[in-house]
Amino acid sequence: MRRFDFFFALARIISDGLAISMGLFLSYFLRMKWFLVLGISAPTTLYSLEAFGGFSIKSALFLIFVFAINGRYAIDHDEKKWDEFYQLFWSFTAGFALLVVLFFFSKFIFFSRFIFGTAWVLGLIFLITGRYWVRKLRRKFYDYGWGRERILLLGSGKLLENCLQYIVENPKYELVGLLSDKAGRHAPKGFHYAGTFDDLSEQLEHFTPEQVLLATPEAHTQLTHDLIRTSHRYHAKFRYIPDELGLDLASVDTSTMGPFPIINLRNHKIEGWGYVIKSAVDYLLALILLILISPLLGWIAWKLKKENPETSIFYRSDRVGRRGKHFQCLKFRTMVPDAEKLKQKLLKKNDRKGGVLFKMKKDPRITKFGSFLRQWSFDELPNLWNVLRGEMSLIGPRPHLPEEVKKYRPEDLQILTIKPGLTGFAQINGRSELEFEEEMRYELFYMKNWSLWLDVIIFFKTLIVVWKKENVS
């Protein structure tokens, strides 16, 4: 355990305790003192300030205990900001609800719905504010070189390059060296290998890193086992990043079958109640959105009909959905009527590498109004009807063309086990600029790490991407 990590775990505990206490005390003063300005007298059945102080301290300690058992004070803390705030919200809400229940079963006569309600709101605001400033303080320490974690990176290939870029850009880490799996490997531009995996003991003794990170798609069980033993012998943590196109450890859980322990390798997380809840949210939000944007849909339909009265305002495209079932994907027409015939002549100008997807900048088939619709993604609004029909989801992989699916590698076909979406994880990480392999990695990551909170993040990031008109073609 590093002292630096312990210090900031303790800082979070202190920050949370102060935030909860401040929320309770401020709520008390609002009800007992400041309401007098409005001519509302203070109730006579409430605690005195001294008694309420004791109650507040006990409540803060109880809620900190709830946070602790929910993992909010992990020493090795490396959560994303919004994930931390999300978990903090639910831990505080659940703990506060339990506190209210315990209070009502106690013998105390103190009661004020206003104080309880206001304390929850203010406490949440103070909690998030406190955690934000703890993060800012920790970032300042990293910027000055204090508390950075020394890391020795092992691996090769694209996975290593992506991991290396993240480590270099993250002030938390200090890269002390690179080791390759084989001699003669070329290191990413601007870096060099200090040796191979066989030199791990020497590098550990020389640099004394706190963490060894393996990032290669070519690792095998025996190799990983040897690296783990060597790292632990020199008291370094060992971590392993699996290839995203291979086994994703987020999809692994355990169960039992009689006396036998079972490891389940799930293809994705959108199953069981998760699938039920996601589908229900899709139907409800799609219906609400269709009602709210109906004036916009009517205006677009009128403009398209005025532009070309002889052509349908909708473009129906055959797509492959969940479990390989075909459906008609509905969009507003943005191209000239003979766009499919012209596509054959333009295939040589395909901007998408990999030969599977077709995308072309300044596509001559797109009409002037169609270009406007694409800039704001208005052409995809009729997809909401596909969501109501159960053919698509609001969030998911990109809908697949049959000719594209025929060119997919066998491992890519697992994408077809979930519904395609109006937007998704790949769209907010590059949209049309992504190569096929990169897009597929994002889609597979989404499948194996899905949660309703991830859907919320993707939805709001999509709005930002559309507003900034990023990677629009």
Quiz prompt | Condition met for Val168 (surrounded by fewer than 16 Cβ atoms within 10 Å (Cβ to Cβ), outside any loop (DSSP other than H, G, I, E, B) and not assigned by TED's automatic domain parsing to the domain that holds Val100) | solution = yes
When every residue in region 391-414 that is closer than 21 Å to Val281 by Cβ and more than 18 Å from the chain's Cα centre (by Cα) is compared, the one modelled with the lowest pLDDT is Pro399
Taking region 216-246 and the residues there that are at pLDDT below 85 and of a type in the set (Val, Ile, Thr), the one that is surrounded by the most Cβ atoms within 10 Å (Cβ to Cβ) would be Thr216
Checked region 271-288 for anything in contact with a strand residue (DSSP E or B) (Cβ under 9 Å, 6 or more places away or on another chain), small (Gly, Ala, Ser) and over 13 Å from Leu384 (Cβ atoms); matches are Ser279
ask   = Are any of the residues in region 371-390 among the hydroxyl-bearing types (Ser, Thr, Tyr), surrounded by fewer than 18 Cβ atoms within 10 Å (Cβ to Cβ), in contact (Cβ under 8 Å) with a residue 12 or more places away in the chain and under 30 Å from Glu307 (Cα atoms)?
value = yes
Those residues of region 192-237 which are among the charged types (D, E, K, R) and part of a helix (DSSP H, G or I) amount to Asp198, Asp199, Glu202, Glu205, Asp226, Arg229, Arg233
Expected output for region 1-22 (first residue in contact (Cβ under 8 Å) with a residue 40 or more places away in the chain and farther than 16 Å from Asn70 by Cβ, partner of a type in the set (A, V, I, L, M) and not in a helix (DSSP H, G or I), Cβ below 7 Å, 6+ apart or cross-chain) is Met1/Ile75; Asp5/Ile75; Phe6/Ile75
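For (1) in a helix (DSSP H, G or I); (2) over 30 Å from the mean Cα position of the chain (by Cα); (3) charged (D, E, K, R), each residue gets a yes or a no:
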{"residue": "Phe52", "(1), (2), (3)": "yes, yes, no"}
{"residue": "Ala68", "(1), (2), (3)": "yes, no, no"}
{"residue": "Gly71", "(1), (2), (3)": "no, no, no"}
{"residue": "Asp78", "(1), (2), (3)": "no, no, yes"}
{"residue": "Ala94", "(1), (2), (3)": "yes, no, no"}
{"residue": "Val101", "(1), (2), (3)": "yes, yes, no"}
{"residue": "Trp120", "(1), (2), (3)": "yes, no, no"}
Scanning region 112-140 residue by residue, the ones that are modelled with pLDDT of 90 or more and of a type in the set (Ser, Thr, Tyr) total 2
Of those in region 74-111 that are surrounded by 13 or more Cβ atoms within 10 Å (Cβ to Cβ) and acidic (Asp, Glu), the residue modelled with the lowest pLDDT is Glu79
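The values are calculated or read from the model by the stated rules, or taken from the named source; none is laboratory data. As the structure is a prediction and not an experimental result, all values here were calculated from the model. Neighbour counts are summed over all protein chains in view; Cβ atoms, including those assigned to glycine, are modelled from backbone coordinates with ideal geometry.
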